[in-house]
Amino acid sequence: MRHEPKAIPSVDLRIGLTAEYEREIEESDVLGFAANSGDFNPLHVDPGFAENSRFGQRIVHGAFQIGLASAMIGMHLPGRDVLLGSVNARFISPLYFPCRVRVSGEITAWNVASRAGSVRVTVSEGASLAPVSEITMAFTLQAGKTEQAAVAAQPSRSPETAFSSDRKIVMLTGASGGIGAALLRALTQEFSVLAVVHRHPLKEKPLHTVDVKADISAPGWEQIITERLGSRPLYGIVHSAWPALAKGGLLHSDTRLIEQQIAFGTSHVVRLARLLFSLVGSDGGRMVALGSTAGHYKPSLGLGAYSLAKSALEDTVRLLAPETARKKITINAVCPNFVTAGMNAQADDLQVKREKALIPMGRLCETEDIIGAVRYLFSPAASFVSGQSIVLAGAQL
């Protein structure tokens, strides 16, 4: 039975758009694939041979699973008008048959101007939902004559959104905050910076800055960033955004507040890493997330949700590092102690003196200390440093 493919218009595509389907894989499917492809490797077709292998029974071809991913982009997401450009596959665990699989797709990159993007396809075993393969498929969309004329008639990008052609692009979240603003001034000395703001606009806009309003806790912000970049690769991300400082212990903190804090240290960091992974150039990239000594280093009972989230941020960075390394992306956390900027800008003299007295070096951490650590992590000298937390504690234990 022949099925008609979906046809999602280019204007409706966006990063984060998903689709999925399920299907059975029987012995006849695997043997039919072997006959059509010519791959009669006994691990797939010979029960006796496979039983004596380390797998214990026959497994589905890896190329068969790539075919499932092809069905995803050709029939579901984005569908009819797609042209496959390249395939990058990773096989996590063997897929035994007969079985039922779930095939999930998500748009991880999409540039409406060039009509090019990528879909990450995950093939999971149906009963356990354990992933068995992850396949990234780069694609372009064909345009009909009417759509081609509409695209050609669109005005070119405004000069104010353009980036310097001789500078790499770094994205900075929380760019309007106290620490974020200091980082923005420092980063623009070397890079073009895509400064992401949410509630408050930039107080000053240094040269080589392109600002964009986006809420990284909401769906769809990735598409805003991708469109602003155009065809340019993204070299790095500095994650400085954070919701208001959450005071109080965990037992009496609102569950929604705890979840919000944890999201900024976990799922939002993952989404940022995914964006960089999909948009980075061939020379690799850098990502730095701002943590705190109130995370793993010195948790604070009076800042329960904040400490928990900052601890989770460090674990998230460490777990992401082996994955981002596949594209030569380093990812690290910079964890300062008390800084009289950002969330602590309103601290009174007594609190400042109290915090300073706890530091053996006799001074508080300053924004320049944070900038210095970020500069180091973006430098060639740190190309082999990844998955680490750099603690700025002034020798405080």
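The values are calculated or read from the model by the stated rules, or taken from the named source; none is laboratory data. Keep in mind that what you see is a predicted model, and the values were worked out from it rather than measured. Glycine also receives a Cβ, built like all others from the backbone with ideal geometry; neighbour counts cover every protein chain displayed. Keep in mind that these areas ignore ligands, DNA and RNA; they rest on the heavy atoms of the full protein, side chains included. Shrake-Rupley method; radii C 1.70, N 1.55, O 1.52, S 1.80 Å.
At the residue level, Arg375 shows approximately 110 square angstrom of accessible surface with a 1.4 angstrom probe and all protein chains present.
Take every Cα pair under 8 Å whose residues are at least 6 apart in sequence, average their separation, divide by the length of segment 239-323, and the relative contact order is 43 percent. Taken about its Cα centre, the chain carries a charge dipole of about 920 debye when Lys and Arg each add +1 at the Cβ and Asp and Glu each add -1 at the Cβ.
Atom-type composition of the exposed protein surface of the chain places 54 percent of the accessible area on carbon and sulfur (1.4 angstrom probe). Largest mean-square fluctuation among Lys327, Lys168, Lys353, in a Gaussian network model of the chain whose springs join Cα atoms under 10 Å apart, belongs to Lys353. Report the percentage of all Cα-Cα pairs in segment 1-116 whose separation exceeds 25 Å, rounded to a whole percent. That tail contains 33 percent of the Cα-Cα pairs. Note on Leu358: accessible area approximately 100 square angstrom, rounded to 10, probe 1.4 Å, nucleic acids and ligands left out. Between the amide H of Met171 and those of Leu194, Gly236, Ile237, Val238, distances stay under 5 Å, these residues lying 5 or more places away or on another chain, with hydrogens modeled in the peptide plane.
Between amide H atoms placed 1.01 Å from N, distances below 5 Å from Ala109 occur with Ser118, all of them 5 or more places distant or on a separate chain. Considering only Thr340, Tyr96, Val391, the residue lying farthest towards the positive end of the dipole of the chain is Thr340, judged by Cα position with unit charges set on Cβ.
Assuming charge only on the beta carbon of Lys and Arg (+1) and of Asp and Glu (-1), the dipole of segment 1-116 about its Cα centre is about 360 debye to the nearest 20. Listed values for segment 173-181 are Karplus-derived 3J(HN,Hα) couplings in whole Hz (6.51 cos²θ - 1.76 cosθ + 1.60, θ = phi - 60°), namely 8, x, 5, 8, x, x, 6, x, 5, and x replaces Gly and Pro. Counting lysine pairs in the chain whose alpha carbons fall under 16 angstrom apart, excluding pairs fewer than 8 residues apart on the same chain, gives 7. Placing +1 on the Cβ of every Lys and Arg and -1 on the Cβ of every Asp and Glu, with no other charges, gives segment 89-137 a dipole of roughly 80 debye about its Cα centre.
Derived value for segment 280-397: Kirkwood hydrodynamic radius 15.1 Å. Basis is the mean of 1/r over every pair of different alpha-carbon atoms.
Per residue, the accessible area of the chain comes to 51 Å² when a 1.4 Å probe rolls over the protein heavy atoms.
Across segment 227-232, computed HN-Hα scalar couplings (Karplus, 6.51 cos²θ - 1.76 cosθ + 1.60, θ = phi - 60°) run 5, 5, 6, x, 9, 6 Hz from first to last residue, x flagging Gly and Pro. Working note: Karplus 6.51/-1.76/1.60 with θ = phi - 60° gives segment 255-263 the couplings 4, 5, 5, 4, 5, 5, 4, 5, 4 Hz, where Gly and Pro are set to x. Sorting Trp221, Trp242 by accessible area puts them as Trp242, Trp221; the probe is 1.4 Å, largest comes first, and only protein heavy atoms count.
Ellipsoid semi-axes for the chain, based on the Cα gyration tensor and the rule √(5λ), read 43, 27, 18 Å when sorted largest first. Note on segment 216-348: the alpha carbon radius of gyration divided by the globular reference 2.2 N^0.38 Å gives 1.11. Highest GNM mean-square fluctuation, the chain, Cα pairs closer than 10 Å: which of Val87, Val212, Val280? The residue that fluctuates most here is Val87. If I stretch the segment between Ser231 and Glu26 completely, what's the gain in nm (0.36 nm per residue apart, minus their alpha carbon distance), one decimal? Net length gain for the segment: 69.5 nm. A Förster radius of 30 Å, combined with the Cβ-Cβ distance separating Asp215 from Ser86, puts the computed FRET efficiency at roughly 0.40. A protection proxy built from the mean count of other Cβ atoms within 10 Å ranks the segments 381-388, 63-70, most packed first, as 63-70, 381-388.
Solvent-accessible surface of protein heavy atoms, probed at 1.4 angstrom with all chains present, puts Lys203, Lys6 in the order Lys203, Lys6, largest first.
Annotation: amide H-H contacts under 5 Å for Gly248 (H modelled 1.01 Å from N, sequence separation of 5 or more, or interchain): Leu303, Gly304.
What distance in nm separates the simple spin-label points at Asp39 and Cys99, each placed 7 Å from Cα in the Cβ direction? Between Asp39 and Cys99, the label points sit 1.5 nm apart. Across segment 79-148 the C-alpha pair distances fall into 10 Å bins from zero in the proportions 19, 41, 25, 12, 3 percent.
The GNM of the chain, with springs linking C-alpha atoms under 10 angstrom apart, assigns the highest mean-square fluctuation among Arg232, Arg54, Arg115 to Arg54. The distance linking segment 339-397 with segment 220-258 is 21 Å (Cα centroid to Cα centroid, whole angstrom).
Put simply, when 251-259, 315-323 are sorted by average Cβ atoms within 10 angstrom per residue, most first, you get 315-323, 251-259.
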